[in-house]
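The values are calculated or read from the model by the stated rules, or taken from the named source; none is laboratory data. The structure presented is a predicted model; accordingly, all values stated were derived computationally and were not measured. Note that each Cβ is placed from the backbone with ideal geometry, even for glycine, and that neighbours are counted across all protein chains shown.
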Amino acid sequence: MADVDVDRWYAELDRLHARIGVRFRRSEPRRRARQYLCGLVSGLARKNGWTLAEQAGDVSPDGMQRLLRWADWDVDAVRDDVRDYVVEHLGDPAGVLIVDDTGFLEKGTRSAGVQRQYFGTAGRTENCQVGVFLAYRSSQGHALIDRQLYLPTSWTDDRDRCRAVGIRDEVEFATKVQMARQMLARALDAGVPVGWVTMDEAYGQSKYLRVWLEQRDVGYVVATRRNDDMITTTMGTARAEIEECFQQAKDEAGLDEYQVRDWRAWYAHITLAMAAHTWLSAARSLAANGDLAPATA
């Protein structure tokens, strides 16, 4: 590809970085966040602290670890910036919000939220963390716009264990359905254009959530134990969309390649990986519309 195409491709990344850059109080973590994003969308075979640091020209991963664990920046504000960027590039009144969760395999017992629990990707119980996500889909593409780390009661009932990984005392147990509602509320309150919401049976069977959507005057197509063929087909399409979204975010933006245990660091990495994947999704949309030459970062 021509160099000018690469320049235009990365100019779009700079626009996204400029948007989230105001959330960093100091220039050093702001600069390092851009390096982190560039590493996540690079062709690196592995995208962990060491490889991202080497890509940035550092001799150790300490700087990248500081970015995730201690640097002064508003992780949730960046999450909201990512959502707004998605709406700007992919937004459509007929857009769909999709709720689903995905697992992150772990070997030990000290990472926030880890325990033996159902790992959907493998279809069996594994030692893992589980993140609940909200994705946005339109005719222009799809991207993840929100995330929450599920904390089993084995964690929330043990405050010392929580404090060891930086989980604040005010963080209480929440079901995955409650997390889904919180994320949907954030999206709807922010004015995300949406035609309807879709969820699989794990969420769709919750009357609490369905009634809440009706109260918000939001249409939904959800899987329950007694769906008809049309709903089953629609759900299959939506699930395929978010599974593709998860896979792209993992394969192309290192969503699952973190090496951190702390609560805050999980959110920091996942949020930056969402930003990286969002940039790729927006760039694909621009390229499809002839506004940006396609490229591989």
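Numbers at a glance
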| quantity | calculated |
| --- | --- |
| Number of positions in segment 168-180 that are within 22 Å of residue 80 (Cβ to Cβ) and touching a Ser or Thr at 6+ places or on another chain (Cβ under 9 Å) | 3 |
| Residue ranges of helices (runs of 4 or more DSSP H) in segment 56-174 with at least 2 members within 29 Å of residue 42 (Cα to Cα), at pLDDT 95 or above and charged (D, E, K, R) | 62-69, 75-90 |
| Some residue of segment 219-226 being buried (at least 17 other Cβ atoms within 10 Å of the Cβ), over 19 Å from residue 180 (Cα atoms), in contact with a Gly (Cβ under 7 Å, 6 or more places away or on another chain) and modelled with pLDDT under 95 | no |
| Residues (among the hydroxyl-bearing types (Ser, Thr, Tyr) and crowded, with 19+ Cβ neighbours inside 10 Å) located in segment 148-191 | 150 |
| The one condition in (1) touching a helix residue (DSSP H, G or I) at 6+ places or on another chain (Cβ under 9 Å); (2) among the acidic types (Asp, Glu); (3) closer than 26 Å to residue 187 by Cα that residue 58 fails to fulfil | (3) |
| For residue 142: the one exception among (1) surrounded by fewer than 14 Cβ atoms within 10 Å (Cβ to Cβ); (2) in contact with a Cys (Cβ under 6 Å, 6 or more places away or on another chain); (3) closer than 27 Å to residue 286 by Cβ | (1) |
| In segment 199-217, the residues that are at pLDDT 95 or above, closer than 26 Å to residue 85 by Cα and out of contact with any Leu (no Cβ under 7 Å at 6 or more places or on another chain) | 213, 217 |
| Residue in segment 31-60 that is nearest to the chain's Cα centre (by Cα), counting only those that are over 20 Å from residue 15 (Cα atoms) and surrounded by 19 or more Cβ atoms within 10 Å (Cβ to Cβ) | 47 |
| Counted residues, segment 17-39 - those being charged (D, E, K, R) and either outside any helix (DSSP H, G or I) or touching a Pro at 6+ places or on another chain (Cβ under 7 Å) (or both) | 3 |
| Any hit, segment 115-128, residues being touching a helix residue (DSSP H, G or I) at 6+ places or on another chain (Cβ under 6 Å) and buried (at least 21 other Cβ atoms within 10 Å of the Cβ) | no |
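Let's see how each residue does on (1) touching a helix residue (DSSP H, G or I) at 6+ places or on another chain (Cβ under 7 Å); (2) buried (at least 24 other Cβ atoms within 10 Å of the Cβ); (3) part of a loop (DSSP other than H, G, I, E, B):
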{"residue": "242", "(1), (2), (3)": "no, yes, no"}
{"residue": "261", "(1), (2), (3)": "no, no, yes"}
{"residue": "273", "(1), (2), (3)": "yes, yes, no"}
{"residue": "276", "(1), (2), (3)": "yes, yes, no"}
